[in-house]
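Undergrad: Quick one: this structure, given as structure tokens, is what I'll be asking you about.
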Amino acid sequence: MKEVWIQDEFIKIGQALKLAGLAGSGVDAKIAVQDGLVRLNGVVETRRGKKVFNNDQVSYNGESFVIKTKKGIKL
């Protein structure tokens, strides 16, 4: 499964869709979420401001990815 790395503790679900390349714009992401086409950890999510955290799985349009955070990792 594809991993999407973020710098902070969380990312909003619409931003995560854009970062993963599954939504071309914020408007596309907003519509997909509001129409109930996006799943967060297997459950339909319709709140576009929903926070997504480390190890959360997002699915949309037959593709899935997992959020990974770099926060707290010493490089």
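The values are calculated or read from the model by the stated rules, or taken from the named source; none is laboratory data. Owing to the predicted nature of the structure, the values given are computational and were not obtained by experimental measurement. Here Cβ is always computed from backbone atoms with ideal geometry, including for glycine, and neighbour counts include all displayed protein chains. Side chains are part of the model used for accessible areas, which takes the heavy atoms of the whole protein and leaves out ligands, DNA and RNA. Shrake-Rupley method; radii C 1.70, N 1.55, O 1.52, S 1.80 Å.
Undergrad: Return a yes/no flag: does the range 17-34 have any residue that is basic (Lys, Arg) and under 9 Å from the mean Cα position of the chain (by Cα).
TA: yes
Undergrad: Does any residue in the range 29-48 that is among the hydrophobic types (A, V, I, L, M, F, W, C) come within less than 8 Å, Cβ to Cβ, of a residue that is in a loop (DSSP other than H, G, I, E, B) and open to solvent by less than 20 Å² (accessible area, probe 1.4 Å) six or more places away or on a different chain, and which pairs are these?
TA: Pairs that qualify, where the first residue is among the hydrophobic types (A, V, I, L, M, F, W, C) and the partner is in a loop (DSSP other than H, G, I, E, B) and open to solvent by less than 20 Å² (accessible area, probe 1.4 Å), are Ala29/Ala23; Ala32/Ala23; Val33/Glu45; Val38/Glu45.
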